[in-house]
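Peer 1: Following this message is one structure expressed as structure tokens.
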Amino acid sequence: MTKKRIKKLYRLKENRILGGVCTGLGKYFEIDPVLLRLLWIIGTLIFGAGVLAYLIAWIIIPEEK
């Protein structure tokens, strides 16, 4: 029986622009962080809650060690 590696979500120190949230989410979901940044900006402009969501994610998601 093989052990499954549990993925953990962290804000990354590398390739980050503001707080590393999009980079960490990109690595976790195996998506390009640039795409996530663009989606986040578009979502903020359309729905308006993106800045608050980013700040909450910045506080909740721990930084990598």
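Peer 1: Could you state the angle between the C-alpha long axis of helix 33-47 and the longest principal axis of the C-alpha atoms of the chain, as a value from 0 to 90 degrees rounded to the nearest 10?
Peer 2: 40
Peer 1: Roughly how tilted is helix 50-60, in degrees to the nearest 10 and between 0 and 90, from the longest Cα axis of the chain?
Peer 2: 30
Peer 1: Expressed in nm², what is the orientationally averaged projection area of the convex hull enclosing the Cα positions of the chain?
Peer 2: On the way: hull surface 21.3 nm².
One quarter of the hull surface, i.e. the mean projection, equals 5.3 nm².
Peer 1: Quick one: compute the contact order of the chain, relative version, from alpha carbon pairs under 8 angstrom and 6+ residues apart, as a percent.
Peer 2: 35
Peer 1: Within the chain, how many Lys pairs that are eight or more residues apart, or on different chains, come under 17 Å at the alpha-carbon?
Peer 2: 7
Peer 1: Continuing with this model, one more query. So, counting K/R as plus one and D/E as minus one, what does the shell of residues with Cβ under 12 Å around Tyr28 add up to? Show your work: numbers first, answer last.
Peer 2: On the way: positive: Lys7, Lys8, Arg11, Lys27; negative: Glu30, Glu64.
Local net charge: +2.
Peer 1: Let me ask another. Pulled fully out, how much extra length does the chain show between Ile6 and Ile31, if you take 0.36 nm times their separation in residues and subtract their Cα-Cα distance?
Peer 2: Here the answer is 7.2 nm.
Peer 1: I've got another one for you. Please give me the summed charge of the neighbours of Leu12: other residues whose Cβ is under 12 Å from its Cβ, Lys and Arg +1, Asp and Glu -1.
Peer 2: +3
Throughout, read-outs are computed from the coordinates displayed, never taken from laboratory work. Computed from a predicted model, the values in this text were never measured in an experiment. Heads up, the Cβs are rebuilt from the backbone with ideal geometry, glycines too, and the neighbour counts pull from every protein chain shown.
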